[in-house]
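What follows is a set of notes on a single structure, which appears directly below.
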Amino acid sequence: MPITHPNLRLTRLDGAIPAWLGEIKPGDLLPICQNVSGGGGRLLALWGSDAREQGRGCDTLPAEPADCGSSRIAPPPAPEGCAPPCRGRGFALHVALVNEAGLICLSMALDAVQPVYPDISRIFPAASRMQRAAYDMLGIYAQENHDHRKWVRHAAWHGGSFPLRKDFETSPHLNPLPQAGEEATVPSLLEGGKQSEGALLTDAQSRDPLSNSLGETTSHSTRLQETAAKSLVIPQAGERTNEKGNLESLEPDAYPFVQVEGQGVHEIPVGPVHAGTIEPGHFRFSVVGEKVLRLEERFGYTHKGIEKRFESLTLQQGAKLAGRVSGDSTVAYAWAYAMAAESIAAVTPPDRALWLRALFLERERIANHLGDLGYLGNDVALSFGFAQFWILKEQLMRNNAVLFGHRYLMDQIIPGGVAVDLAESDMQTLRDECAMLEREARLLRGIYEEHAGVQDRFIGAGRVEPKLAAQLGLCGLAGRASAQAWDARVQFPCAPYDKLDVQMATYRNGDVAARVIVRFDELFESLRLQREILANLIHGDDLARPIEKLPGNGFGIGMVEGWRGEVLVAIHTDAQGNLTRVHPHDPSWQNWPVLEHAVLGNIVPDFPLINKSFNLSYSGQDL
């Protein structure tokens, strides 16, 4: 067994990776987490689910705890008149831990009226933001946590309402989410109602001039603008439209950033809108001169309601959404989602499909490492490196489009297998590509390592000592650059990685230079793995064993070593086998807080370089 505890009974889950499931009581959570941490294990993910039976009363929502600087007042007492049978039929907390044996998935029942649980951020610091997000989305509350500020919620919904509760109602004035098999609708500016996406005007119609009642000739687009101006209520800053279409004021965001005081201390707010076409995030620097004393991050600007959207999707539609949680990791998310579904359905994909999945995953890793190495050159004014690495990345992505139908390989992994094959005649194209990429990347590595200006900027910048990395749970590529030897392809190799003997790339210095070295080493290892995959690609006609429907009341979990780190997807099904809760987890949850430590003592102009050396996902953690 992966861990022992007198009150813990673990059941082995079916699936491609070693994973166990156990139900615990609130009093057992901290000792079990301490057990795992003391043995060198880590926190992978934390999420909640709504297990209440609808229509049984007890749907009273506890008011949001009042903000008190950096903390909140505890939730109010349970309202009177709530029947005792509702207790135990409330919410659930789920915690995924990992140690040398595999994944340990813990589930804990929470009260329907006061859904509280012990804070685990003192053991696993990365849990703090996950717990805050769990409150924003579901209203489950970590007792004794030192930080209860909102995390995901800005002003899209009011405090005291929780989108992942089953009785949460989407605002009527918003476009309703279509159910499975229904056609999506969009607002019609001409009629003030809705029209099908398939009913949109053709290009010819939109180009034809239309005569208005005054006999003047006006383009169709101009008429649309005029109609919209007359019929639509456009909210201004600080306003929103309610269900009746009237304007109402939003509650102020008033996020309580931590203040740093002292002589010569200044604040520099950066974002959420940035100079480049990149994702939004806010960074609040406290500095003396150019030296960074403190960095505080504020995210949630790319929150899209992904977890809520999963609730109304079929298994197959969910696979498409999973591949769009973070677009640069589409293969990793799609594979983790498929792995979780296959675990519930007890289905093993055909061998050829598994080899193709590994091929797709390594190509995703190669593409992202090439792009990042180019960006890192650009951030130290070596535009030559940026141009050269992006030429290489572009060639790989063009080959993806030609051979597999999509530059980013979206929708190529499906539950039960894959959706595309690789022709025998196309294998030589990939072999030639491997040889070209390795030759060019080795030349560029020599240029980077011999360039004095580049190395002066890389070495020592953004250093994370191995001890701090272990304490904060730094994972993935950034973790391996700080001596954290975790790689799911090595420790928990699912097929076909159990036949590939992956060589893990690690380094100890923990600075930008170390993260560049690990990227180069992983790039060359992925090129080697791609050649080996091509040599061992199993011939066969079957690409998938389709899964039409999942069993009822099921739970499955999938974990894949994406290019940033471990990507995890957990799937819960209801009694009818529908998706009732899907939680996708990005390694950026663990690594964003570490970036706040990595920049301390560095100068502000080095932040873009340090940030890019981690290259974390906003979308993947905002969900």
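The values are calculated or read from the model by the stated rules, or taken from the named source; none is laboratory data. All figures in this text were calculated on a predicted structure; none of them were measured in a lab. Surface areas here come from the heavy atoms of the whole protein model, side chains and all, with no ligands, DNA or RNA. Shrake-Rupley method; radii C 1.70, N 1.55, O 1.52, S 1.80 Å.
Over segment 91-131, the hull volume per residue, using the convex hull of the C-alpha atoms, is 72 Å³. Across segment 331-339, rounded Karplus estimates of 3J(HN,Hα) from the backbone phi angles (6.51 cos²θ - 1.76 cosθ + 1.60, θ = phi - 60°) give 5, 4, 5, 5, 5, 4, 4, 4, 4 Hz, Gly and Pro being marked x.
In segment 388-535, what is the volume of the convex hull around the alpha carbon atoms, normalised per residue and reported in Å³? List each step's numbers first, then the result.
On the way: hull volume 19.7 nm³, N = 148.
Hull volume normalised by residue count: 133 Å³.
Please say if segment 330-460 is rounded, prolate or oblate, where rounded means a/c under 1.5 for a ≥ b ≥ c the square roots of the C-alpha gyration tensor eigenvalues, and otherwise the choice is prolate for a/b larger than b/c and oblate otherwise? Prolate. Taking the accessible area of segment 328-453, probe 1.4 Å, and keeping the other protein chains in place, the carbon and sulfur fraction comes to 53%. Relative to one another, the C-alpha centroids of segment 583-623 and segment 447-487 are positioned 13 Å apart. Couplings 3J(HN,Hα) of segment 89-102, computed from phi: 10, x, 9, 9, 9, 10, 10, 10, 10, 9, 9, 5, 8, x Hz, in residue order, whole Hz [Karplus 6.51 cos²θ - 1.76 cosθ + 1.60, θ = phi - 60°; x for Gly and Pro]. A 20 angstrom limit on the alpha carbon distance is what I want to check against. Which of Lys308/Lys612; Lys150/Lys612; Lys150/Lys308; Lys320/Lys549 exceed it? Going by Cα-Cα distance, Lys308/Lys612; Lys150/Lys612 fall outside the 20 Å limit.
Once the convex hull of the C-alpha atoms of segment 449-607 is built, how many Å³ does it hold per residue, rounded to a whole number? Show your work: numbers first, answer last.
Numbers: hull volume 24.1 nm³, N = 159.
Looking at segment 449-607, the number lands at 151 Å³ per residue.
Heavy-atom accessible surface of segment 102-152, averaged per residue, reaches 23 Å², computed with a 1.4 Å probe.
Over segment 307-350, one equal point on each Cα, no solvent: what is log10 I(q)/I(0) by the Debye formula at q = 0.15, 0.20, 0.23 Å⁻¹? Computed log10 I(q)/I(0) values: -0.36, -0.63, -0.80.
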